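Working notes, beginning with the structure itself.
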Amino acid sequence: MEENLFDVIIIGAGAAGLMAAWELVQTGKHTAVIEAKDYVGGRIHTIQDKNFELPVELGAEFVHGDLELTKLILKKAGVETYPVKGDIRQNEDKSLDEQSDFIEDYSALNKKFKEVKEDISVAEFFEKHLQGKEFEELRFSLKNYVEGYYAADTGKASTLALKEELTKSDDEQFRVEGGYVKLVDYLQEQCKEKGVQFFLSHPVIEIQWKKDQVNVITANGNFSARKILITVPVGVLQSETIRFSPAIPGIIEASKKLGFGPVIKTLLQFDKAFWKNKEFTKGKDLEKLSFLFSEAIIPTWWTYHPKDVAMLTGWSGGPNADEIKHLSGKEILGKALESLGKIFSIDINLLEQKLRGWHVANWVNDPYSCGGYSYDVVNGGEFKQIIKKPIENTIYFAGEGLYDGPEIGTVEAALNTGRETAHQMIADFKS
């Protein structure tokens, strides 16, 4: 067979691309995966750092609930998960009070959700349904949740999707023992065993196509195939860094209407878990601290409880990430220490002395991600359908941002869309 000539080319070696490659190669399809970065995994990026007590998750970290496909693959790979446990605290008026949940008053919120008959943005939901002093705390919690957890713009985020996610989602969360890289490694090994070829550090410049024929021009070589599956993040589609010839304006315009949130993670390793010292916690026992919400520049923090380690992760999503995205890693580290200093009333110089290692993952400024992950917008289903419809049974799209359901934005969503689109391609080869 001619070199660099394939049945299918997959652009992107993240969870969706790997899952699709695994499905396609099992039906005998000669498959290539082309990846811009020098590693496999995309927004799953676990690194080992000798200064840290655990593997460092620069990207995806949590398994959000009892997710069928994620858990199936982890089981096949022989990889364990462990539950995220512990207390949620809120730093308000210099206190560190315990919170029963991310959003405490679900019953009041559910009553208000029932008033919404057709989809509106979360900002409009606040304006029309959560006015008045009695809803002040609920507005604060919900805004933090949407901007933080969703990494979303409240002016675009869907109220009905938020309602579904809050009422149907499984509260329990897990982490992967040894890091999410274990799932990636397993999928890549399975693909390679079956003959999938991987081309890393090959940023795609242009995709030339006509029915049943695709030419991919990359910075480091050209490739041809009968069909192509594009699994790049929604933010990359929106940025138009990949040129299509002929152009596909309908797809690009639809992608620009989808929600894709900015995310920056700041990971810190200290000599000791200073937050367990009551001297810094206003006398509160934070031995079981899990999540901490605040109004600091980097507002959301989590520990690795029940693991007994001195690691903290600072999370900036949505507008909070936009505010610091232009800063260097060192400057973001400064903002992180400033935030912890404010939350715990601890001198920044002391925090610097205690710091043993740090990483900043600025996904917003990564040209091959352009942000963190997707969230549902008002009428987002229509735009997703436009993108998911194959172009002349030749160009296909998959990825977490094209998933319908509350798991949008997760590894589970990426795996599912990768599998479903691969099955569609296999059927189209036969027709």
**Request:** Just need a number here: residues in the range 334-381 that are in contact (Cβ under 8 Å) with a residue 12 or more places away in the chain and under 27 Å from the mean Cα position of the chain (by Cα).
**Result:** 33
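Which residues, counting only those in the range 167-213, are part of a helix (DSSP H, G or I) and open to solvent by less than 20 Å² (accessible area, probe 1.4 Å)?
Of the range 167-213, the ones part of a helix (DSSP H, G or I) are 167-168, 181-194.
Scanning the range 167-213 gives 183, 184, 187, 191.
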**Yes/no for residue 363 being at pLDDT 95 or above, surrounded by 23 or more Cβ atoms within 10 Å (Cβ to Cβ), of a type outside the set (D, E, K, R) and farther than 30 Å from residue 28 by Cβ** = yes
**Item:** Residues being out of contact with any Gly (no Cβ under 8 Å at 6 or more places or on another chain) and either part of a loop (DSSP other than H, G, I, E, B) or open to solvent by 20 Å² or more (accessible area, probe 1.4 Å) (or both) - total across the range 55-67
**Value:** 8
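Have a look at 312, 402 and point out the one that is surrounded by 24 or more Cβ atoms within 10 Å (Cβ to Cβ), at pLDDT 95 or above and out of contact with any Gly (no Cβ under 8 Å at 6 or more places or on another chain).
Details: 312 fails: surrounded by 24 or more Cβ atoms within 10 Å (Cβ to Cβ).
Criteria check complete, one pass: 402.
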**Request:** Return yes when residue 392 is of a type in the set (Asp, Glu) and over 26 Å from residue 146 (Cα atoms) and no when it is not.
**Result:** yes
**Prompt:** Can you name the residue in the range 240-281 that is of a type outside the set (A, V, I, L, M, F, W, C), free of Cβ contacts under 8 Å to residues at least 24 places away in the same chain and not in a helix (DSSP H, G or I) and, of all such residues, is nearest to residue 346 (Cα to Cα)?
**Reply:** 277
**Request:** Kindly provide the set of residues from the range 393-431 that are farther than 12 Å from residue 231 by Cβ, part of a helix (DSSP H, G or I) and β-branched (Val, Ile, Thr), ordered by number.
**Result:** 411, 426
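Answer yes or no: is there a residue in the range 377-390 that is part of a loop (DSSP other than H, G, I, E, B) and open to solvent by less than 20 Å² (accessible area, probe 1.4 Å). Outline the logic, then answer.
Filtering the range 377-390 down to residues part of a loop (DSSP other than H, G, I, E, B) leaves 378-379, 389-390.
Subsequent filtering for residues that are open to solvent by less than 20 Å² (accessible area, probe 1.4 Å) retains none.
The answer is no, given that none of the residues of the range 377-390 is part of a loop (DSSP other than H, G, I, E, B) and open to solvent by less than 20 Å² (accessible area, probe 1.4 Å).
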**Prompt:** Can you name the residue in the range 266-310 that is over 29 Å from residue 322 (Cα atoms) and acidic (Asp, Glu) and, of all such residues, is nearest to the chain's Cα centre (by Cα)?
**Reply:** 308
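Residue-by-condition table, conditions (1) within 17 Å of residue 199 (Cβ to Cβ); (2) open to solvent by less than 40 Å² (accessible area, probe 1.4 Å); (3) of a type in the set (S, T, N, Q); (4) not in a loop (DSSP other than H, G, I, E, B):
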| site | (1), (2), (3), (4) |
| --- | --- |
| 18 | yes, yes, no, yes |
| 52 | no, yes, no, no |
| 69 | no, yes, no, yes |
| 74 | no, yes, no, yes |
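For the range 330-337, does any single residue satisfy the condition of being closer than 28 Å to residue 231 by Cβ and either in a loop (DSSP other than H, G, I, E, B) or open to solvent by 70 Å² or more (accessible area, probe 1.4 Å) (or both)?
Step one: list which residues in the range 330-337 are closer than 28 Å to residue 231 by Cβ, which gives none.
So far as the range 330-337 goes, no, none of its residues is closer than 28 Å to residue 231 by Cβ and either in a loop (DSSP other than H, G, I, E, B) or open to solvent by 70 Å² or more (accessible area, probe 1.4 Å) (or both).
The values are calculated or read from the model by the stated rules, or taken from the named source; none is laboratory data. The model shown is predicted, which means the values in this text are computed figures rather than measured ones. Reconstructed Cβ throughout: ideal geometry from the backbone, glycine too, with neighbour counts over all protein chains shown. Calculation scope for accessible area: heavy atoms of the full protein, side chains included, ligands and nucleic acids excluded. Shrake-Rupley method; radii C 1.70, N 1.55, O 1.52, S 1.80 Å.
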